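Heads up: the structure comes next, in structure tokens.
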Amino acid sequence: MLTVSHLRCEYRINPIGLDMKSPRLSWKLQSDRRNCVQSAYQIQLSLTGNNEQIEWDSGKINSDQSIHVELDQWLPNARTRYHYRIRAWDAAGDESSWSDTAFFEMGFMESKSAWKADWITAPLDGENDVSCPRFRRLFDLQKSVTSARIYVTALGLYELHLNDQRVGQDYFTPGWTSYGKRLQYQVYDVTDMLRHGENILGAYLGDGWYRGHLGWNKEQKIFGTDAALLLELHIRYADGSVEHILSNSDWKVATSAIRMSDIYMGETYDARMESSWIDGPTGKWSPVDVLDYTKGIIVAQENVSVTQAEQLKPIALLTTPQGDRVLDMGQNMVGWVRFSIQGESGHTVELRHAEILDHEGNFYIDNLRGATQCIRYTLKGGELETYEPHFTFQGFRYVKLIGFPDQVQLTDFTGVVLHSNMERTGNFSCSSPLVNQLHHNILWGQKGNFLDVPTDCPQRDERLGWTGDAQMFVRTASYLMNTAPFFTKWLRDLEADQGEDGGIPFFVPDLRSSTSEGWGDTSHSSAAWGDAAVICPWTIYEMYGDVRLLAEQYDSMKRWINYIHAQGENPYLWNTGFHFGDWLGLDSKPDSYIGATDKDYVATAFYAYSVSLTRKAAEVLGHSEDALYYDKLHDHIVAAFQEEFVTPAGKLAVPTQTAHVLALHFDLLDSKARKRAIDQLGKLVADAGNHLTTGFVGTPYLNPVLSDTGHHELAYTLLFQEDYPSWLYQVTQGATTVWEHWDGIKEDGSLWSADMNSFNHYAYGAIGEWLYRYVAGINTDEQEPGFRVVHIEPKPGPGLEWVEASLETMYGPVGSSWYRRENNELEVRVTIPANATGMILLPGAVIQTVLENGKPVDQVKDFHDIQTQENGVRIALGSGSYQFTYLAAVSEKETDAQQPEQTESV
Ligand code: RAM
């Protein structure tokens, strides 16, 4: 039986407020037959969910495309909801029934002038000049309503209320973009929230990234001085008439109980000042000011929203040696604490947030630098009151309670985890509990740092969209969760903030004026950081088959290459300007953050790499002249690199692990030098006592390079090191997220300097890619991206008894698991989703049995193609679930790890 499910429009489930001309649809097929390939599909659009009046019908289209399908010869209307359903046929002749119906709804489309509302703001003088004013509009409805939408954005952050209910589940709206150039709006369906008679629409405004503290100099009002709201409520009545309630001078403003709210500093709330939306504070509502501000930069929301993704309960209430009462959430998390309390009116309680306790077990906040992340709440008094903040978030595991009654209970507190609501896609577990904890820590690094933009860290006075960190982690992140909408938005900001000369800021959104101090008068374009402009769109293209995003970013990619090309005298080397180099590499000089690998070497290597990816992009997009140009340019850069950094005898002139890793991974050497570099890398790791010395730039590629160059067992050795420096060192120190420094907490318990010591920094979590792509061996084909052709090449190694991994791709679930069995047998289980195919390479020689859905397949020749190669047996597979048992080629160290429970089939 063939079925069609998982309908998505622009990656999202029933999105509201799309502004593109041609929204793309994707779906997944399921079939109980092996080798399922779609042969045709049909899409129907209707204006109602019951599919009675069909608005548009594709007819039966003979095509195997099931992701990113555009609707041919069809254009959507603004502010219209379209319901869609899909059916499909497969090559075996099966026909599915119609899928369930899903929908997408258009926003204002291109008609920016469509905004009729005015920007409204609180007058700057007087009592209303607080950080979080509230705005309201009362209106009367007498006719019956069929539908109602709110279109809304803000300078700052907004929280909407309609008839005393919060509108929507989104937080930190309208999101962080390159304000001034791009500002998102959201759309909410509020049909069911309206009532007959008087209605009250209200909004709180917070400073947010727009005008709150930002950057380590903690400047305020970087993007603008006035917080403002722009809103339209469109009501459609049963009689066909339409009414618009617009933000304008009819609105009123008042102070709110939120006395202060700031991303870094936390929130101050006085519950005594709470008042209904009708009465207001002692009945005082003043007129708003209308602000003259452009609407020409407003764009529809592109990313998935930030939501309350999960909730944690504290695991302990401790009293520290210094006498502080401290909650332990059991997890370094990002979001806030919701709490309930009962007490006297006017009593104030305080929550301070910290990532760690120090060596003595005391509350430690020095590493937060200037970010106080402090919540202050003044009680209304009387009844039990429950509170959670509005426009701030904290990065923490420990919460110091000040002013709370003695009898507080753990159950009074809930950790609310907030992040961009991306679909979880990757799962990985194995026989090593420590490696499983590492995977957990990587995942939580993503949760904490994918709060609308990819940040370096979520706790200190930084929390910025560092480009380098984002490119290092993008592939790992895209194994763990569906990051396509997240990076689509961020890359548009990257392009918006790209300099006229093609340079890329250190972080996106850029806030150059606030943070240039300390970096000197630099162009703000560092190698390996600016390369995010190329690496990120290319990675999203590979992981999701998103050609549109690649096409959209192509110009930005080219401009970045042109920028590098124009630096210095020699257009084929990048040997000028400021660079972060191999940031935090362990081979740095004392007191330096920059690792020993020559900065020009790093810069030129990344130059070559970005050119090679841009050439591939040119090919994919059909820009053949560009492809030729980049091909030649690449040759020149490689020649210049070799001339500059490789001795005539083929030895790398820069003797670091990172230098060897980059040259090998970016393929910058001739075969003689390559061979030497492979041997030398092995020696360098051995000389370091089988430990790494790499920083931000070398670490992400280290294990992949070792596995690719015959040092696979060494990669496992590095993975399993538990002493400093290693991934598991921090795990054995109790880490629940990935640290910024290999020795954030040193072996003697002392701490790395408080000036830069984050315990939630995902860069080194890029090892996650190696776990999925090498250890479990799940990879996409570059020519058939988005896992249309799935490569499965499990790479067992010493120390692991079994691995179970899965990845929810655009086509459906891919599975790859392996288990050591008796007599040196290895069992591999593979799942390939319908409408995809697999290419599996089993790293052994002799196949014993092959099972399909638990039943034996008697002849292996039943498969399309099977080849015995030097490195294993290669088999081409169609969709289905398979189980292979074969003799493993390598004998490996024994471990005492436990076997998982046996299951019948995958
Ligand atoms: C630190 C950031 C970030 C890194 C830069 C160079 O301040 O935390 O991780 O990319 O420096």
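Values quoted throughout were computed directly from the atomic coordinates according to the rules given, and no laboratory measurement underlies them. Keep in mind it's a predicted model, so treat the numbers as computed, not measured. As a convention, Cβ positions derive from the backbone with ideal geometry for all residues, glycine included, and neighbour counts pool all protein chains shown.
Tabulated data
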item: Charge dipole magnitude, Cβ of K and R +1, D and E -1 - segment 311-420, Cα centre, debye nearest 20; result: 240 debye
item: Shape parameters for the chain, alpha-carbon atoms, Rg then Dmax in Å; result: 28.4, 88
item: Gap separating the Cα centres of segment 526-545 and segment 582-634, nearest whole Å; result: 11 Å
item: Residues in segment 539-577 that a label on Leu621 would reach, taking backbone N under 15 Å of a point 7 Å out along Cα→Cβ; result: 539-542, 546-563
item: Size of electric dipole in the chain: Cβ of Lys, Arg +1 and of Asp, Glu -1, about Cα centre, debye, nearest 20; result: 1060 debye
item: Percent RCO, i.e. relative contact order, over the chain, from Cα pairs under 8 Å lying at least 6 residues apart; result: 10 percent
item: Cβ-placed point charges (K, R +1; D, E -1), dipole of segment 423-465 about Cα centre in debye, nearest 20; result: 160 debye
item: Charge dipole (the chain, unit charges on Cβ, about Cα centre) - positive-most of Val299, Phe606, Ser750; result: Val299
item: Estimated inter-spin distance, Phe578 and Glu713, nm [label 7 Å along Cα→Cβ]; result: 4.7 nm
item: Full-extension gain in nm, Leu410 to Ser249, via 0.36 nm per residue minus C-alpha separation; result: 53.3 nm
item: Normalised contact order of segment 311-420, rounded percent, pairs of Cα under 8 Å and 6 or more residues apart; result: 45 percent
item: Alpha-carbon centroids, segment 640-670 and segment 61-96: separation in whole Å; result: 50 Å
item: Net charge of Cβ neighbours under 9 Å - reference Tyr886; Lys, Arg +1; Asp, Glu -1; result: -2
item: At R0 = 25 Å, FRET efficiency that the Cβ-Cβ distance of Tyr724 and Asn362 yields, to 0.05; result: 0.60
item: Net charge over other residues, Cβ less than 12 angstrom from the Cβ of Ser5 (K, R count +1; D, E count -1); result: +3
item: Computed E for Asn871/Asn62 - FRET, C-beta separation, R0 35 angstrom, nearest 0.05; result: 0.35
item: Farthest toward positive dipole pole in segment 616-764 [+1 Lys/Arg, -1 Asp/Glu at C-beta], among Ala686, Gln733, Asn703; result: Ala686
item: Gain in span if fully extended, Arg236 to Glu643, counting 0.36 nm per residue against the direct Cα distance; result: 139.5 nm
item: Residues His636 and Asp328, FRET efficiency given R0 of 56 Å [Cβ-Cβ distance, rounded to 0.05]; result: 0.50
item: Total formal charge among the other residues, if their Cβ is under 12 angstrom from that of Leu317, Lys/Arg +1 and Asp/Glu -1; result: -1
item: Alpha-carbon centroids, segment 426-447 and segment 319-363: separation in whole Å; result: 27 Å
item: Relative exposure of Leu451, Leu317, judged by other C-beta atoms within 10 Å (fewest first); result: Leu317, Leu451
item: Fewest-first sequence of His161, His634 by Cβ atoms within 10 Å of each Cβ; result: His161, His634
item: Ordering of 683-689, 115-121, 332-338 by burial proxy (mean other Cβ atoms within 10 Å per residue, highest first); result: 332-338, 115-121, 683-689
item: Theoretical ellipticity at 222 nm over the chain - DSSP helices of four or more residues, -39500 (n - 2.57) apiece, nearest 500; result: -6500 deg cm²/dmol
